[in-house]
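Just below is one structure, and these are the notes that go with it.
The values are calculated or read from the model by the stated rules, or taken from the named source; none is laboratory data. Because the structure is a prediction, the values reported are computed rather than measured. Virtual Cβ from ideal backbone geometry, glycine too; neighbours counted across all protein chains shown.
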Amino acid sequence: MARGIRFLGDDKRQARKHGVQGRRQWRKVHLAVDIATSDIRAVEFTSSSDGDSPALPEPLNQIPKGEDIGTVTADGAHDTRRCHTAIIDRQATAIIPIRKNGRPWKANCPAAIARNETLRATRHYGRAFWRRWTGYHVRSRIEAKMRRLKAFGERIAARGSDRQTAEIQIRVALMNRFSGPRNGRDRSRGLMLTRKGALMPQA
């Protein structure tokens, strides 16, 4: 999931009261959350103009290669060859709804074959049943995580890209510290990925 954070320009209240003082700029924060522990396992920071699907492989790369990933749940914006391939490369199962105008892909790779199976299941059983059957509803947890992240504020103070990333990482570390008990015995985990929005630095 991605949400936006402002790092330059006035907030809405200031703009209404004093007029716009400068151009508002945003950065997107993409999160990967462990279903079993509710920990945020990976964070990716991109510009507001970047799409969501190109950012998916990087959070997966932040998970150690020796650690099994059972499923990756993301929304329909990630129904792309790049995303499905990145998930298959980690030997995980993609739980991504097919776009409403989605058509079968040429079955020339494992990612395309798996995605076409999802399309067939969706068409046969219906989109609502597919969501219940796959447990797609767990994505609501990541929406809650993003709201908690924004509870620290929708602005970030740092201006430089590296410092902005460090500031978000500090927020994530604090959230993980209080995310609840761990279950270290379960090595095969599901990940949830976020979409769309923006967090900002402080003017």
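Mind listing whichever residues of the range 132-148 are in contact (Cβ under 8 Å) with a residue 24 or more places away in the chain, of a type outside the set (Val, Ile, Thr) and outside any loop (DSSP other than H, G, I, E, B)?
136, 139, 141, 143, 145, 146, 148
Conditions first: (1) among the polar types (S, T, N, Q); (2) modelled with pLDDT under 90; (3) touching a Cys at 6+ places or on another chain (Cβ under 8 Å). Residue 85 passes all but one, so which condition is the exception?
(2)
From the list 127, 131, 103, 139, which one is closer than 21 Å to residue 33 by Cβ, out of contact with any helix residue (DSSP H, G or I) (no Cβ under 7 Å at 6 or more places or on another chain) and among the basic types (Lys, Arg)?
Matching residue, one of 127, 131, 103, 139: 139.
Yes/no per residue for (1) within 17 Å of residue 30 (Cα to Cα); (2) at pLDDT 80 or above; (3) charged (D, E, K, R); (4) in contact with a His (Cβ under 9 Å, 6 or more places away or on another chain):
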| position | (1), (2), (3), (4) |
| --- | --- |
| 101 | no, yes, no, no |
| 119 | no, yes, no, no |
| 133 | no, yes, no, no |
| 145 | yes, yes, yes, no |
| 150 | yes, no, yes, no |
| 158 | no, no, no, no |
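If you check residue 128 against the conditions, is it modelled with pLDDT of 90 or more, buried (at least 17 other Cβ atoms within 10 Å of the Cβ) and either over 18 Å from the mean Cα position of the chain (by Cα) or within 26 Å of residue 61 (Cα to Cα) (or both)?
no
Can you find, within the range 1-56, the residue that is nearest to residue 138 (Cα to Cα) among those that are in contact with a helix residue (DSSP H, G or I) (Cβ under 6 Å, 6 or more places away or on another chain) and at pLDDT below 50?
1
In the list 115, 123, 103, which residue meets the criterion of being crowded, with 19+ Cβ neighbours inside 10 Å and either within 23 Å of the chain's Cα centre (by Cα) or over 18 Å from residue 73 (Cα atoms) (or both)?
115
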